[in-house]
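Nothing in this text is a laboratory measurement; each read-out follows from the coordinates by a stated rule. Small disclaimer: the values here were computed from a predicted structure and weren't measured. Note that we place each Cβ from the backbone using ideal geometry, even for glycine, and neighbour counts take in every protein chain shown.
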Amino acid sequence: MNMIIRTPLETAVLDRFHQIYQAKGFPSVESISILRRENTGGGRYVYLQCDAPVPLGDGYIDLGGSFIEMRGLPNGLMAVVLVKGGRLEVLEFTVYGGDFWDGEETEWKIV
């Protein structure tokens, strides 16, 4: 299987999730692999693989009030991770305000 390299944005966001939810068992970014990604025009699905169990309970977790500012997206992006069956499933980016995003990671910061 081809190894897919995490983008800088994916790495930073997964690291932020680890910082926020580490005490609840969210794994370090180094233990998370990317299976595939799908840009939708209004966001991106990043399918994850991680052998470490994640005891957070099923459902979506968010960035705890933070969001992503990105040049070219006036309203920025949100990010959530889906936990299902005790495993990380998907990192999802969604554009606020219905703007189009081609998936290119222009200048950004988590605020």
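Per-structure values
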| quantity | calculated |
| --- | --- |
| Estimated translational D of segment 8-102 in µm²/s (Stokes, Kirkwood radius over Cα pairs; 4 °C; 1.567 mPa s) | 96 |
| Overall Cα dimensions of segment 2-45 - principal axes, largest extent first, Å | 33, 26, 16 |
| Dipole in debye (nearest 20) - the chain, about Cα centre, beta carbon charges: Lys, Arg +1; Asp, Glu -1 | 220 |
| Nearest 10 degrees, 0 to 90: helix 8-21 Cα axis against the chain principal axis | 50 |
| Unit charges at the beta carbon, dipole of the chain: most positive-side option, G98, L73, P53 | P53 |
| Neighbourhood net charge (15 Å Cβ-Cβ; Lys/Arg +1, Asp/Glu -1) for V83 | -2 |
| DSSP-loop chymotrypsin sites (Phe, Trp or Tyr not before Pro) across segment 74-104, with at most 13 other Cβ within 10 angstrom | F100 |
| MRE, 222 nm, helices only [DSSP H, n ≥ 4, -39500 (n - 2.57), over the chain, to nearest 500] | -4000 deg cm²/dmol |
